1. If you check T128 against the conditions, is it open to solvent by 30 Å² or more (accessible area, probe 1.4 Å), within 12 Å of the ligand (Cβ to nearest atom), among the β-branched types (V, I, T) and under 17 Å from W38 (Cα atoms)?
2. Please go through (1) open to solvent by 30 Å² or more (accessible area, probe 1.4 Å); (2) near the ligand (Cβ under 7 Å from one of its atoms); (3) outside any helix (DSSP H, G or I) for G54 and return the number of the only condition it doesn't satisfy.
3. Considering only residues that are open to solvent by less than 30 Å² (accessible area, probe 1.4 Å) and among the basic types (K, R), which ones fall in region 84-98?
4. Out of all the residues in region 93-111, which are in a loop (DSSP other than H, G, I, E, B) and over 11 Å from L22 (Cα atoms)?
5. For region 142-178, what are the residues that are among the small types (G, A, S) and within 23 Å of E122 (Cα to Cα)?
6. Just the residues that are over 18 Å from G50 (Cα atoms) and in a loop (DSSP other than H, G, I, E, B), please, taken from region 112-146.
7. Being acidic (D, E) and buried (at least 21 other Cβ atoms within 10 Å of the Cβ) is true for just one of E68, E80. Which residue is that?
8. Residues in region 1-51 that are over 21 Å from T165 (Cα atoms), in a loop (DSSP other than H, G, I, E, B), at pLDDT 95 or above and of a type outside the set (V, I, T): how many?
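The values are calculated or read from the model by the stated rules, or taken from the named source; none is laboratory data. Everything numeric in this text was worked out from a predicted model, so none of it was measured. A quick note on method: Cβ atoms are made from the backbone with ideal geometry, for glycine too, and the neighbour counts reach across all protein chains shown. Side chains are part of the model used for accessible areas, which takes the heavy atoms of the whole protein and leaves out ligands, DNA and RNA. Shrake-Rupley method; radii C 1.70, N 1.55, O 1.52, S 1.80 Å.
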Amino acid sequence: MLKDLPLGRVYQHIEPGPVTLLTTQATGKKPNVMTMSWHMMLDFEPPYIGCVVGAANHSFATLRRTGECVIAIPPADLAEVVTKIGNCSGRDTDKFAVFPLTPLPARHVAPPLVGECIVNLECKVRDTYMVNRYNMFVLECVKAWQNPNLAAAKTLHHQGYGRFTLDGEEIRIKSKMR
Ligand SMILES: Cc1cc2nc3c(=O)[nH]c(=O)nc-3n(C[C@H](O)[C@H](O)[C@H](O)COP(=O)(O)O)c2cc1C
């Protein structure tokens, strides 16, 4: 027998990608970082990514104003840090000073890369059409970096209230879909 699934818990099942860190930097200010797991691929190449950054977040205003961010994918062993980063605000916390993250200069955007992350994506906002209604930004990734030391690292997948799953076993199926 199937049971009701509360609509408020749908995201816990559909949310597919890894938990990420989003860095932003207002002109003349220190960089900020927030945790973000609501994102999706929109196109292959150049890579377009949709992401939801809540309007109440400090990052929202900066992203809207500057049109630039970095999406960084942390390894699972940063789970506690990633959770804490997503539970405080750059409004009153200098997160790069408080948390053990190394900001590294990006090539095409002002916000920093995160040295401890598996992958860093330098992104520019290309479409704000859905920001007012859904807080959804359409980003183009203009430069991507990977950390060879973390090639085997597991990613985190959010299921709500501090519950995460980690990347699991890899299987290979013959498929034409790239
Ligand atoms: C695991 C996790 C995932 C999160 N995903 C998102 C998200 O996709 N979008 C969002 O707006 N906030 C998300 N948050 C909440 C923000 O990270 C949080 O509101 C943060 O304090 C915002 O920081 P800021 O005020 O410095 O921008 C998430 C938090 C956690 C712990």
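1. no
2. Of (1) open to solvent by 30 Å² or more (accessible area, probe 1.4 Å); (2) near the ligand (Cβ under 7 Å from one of its atoms); (3) outside any helix (DSSP H, G or I), only one is false for G54: (1).
3. K95
4. T93, D94, F99, P100, L101, T102, P105, A106, R107, H108, V109, A110
5. A144, A151, A152, A153
6. Passing the criteria: P112, G115, E116, C117, I118.
7. When all the criteria are applied, what remains is E68.
8. 4
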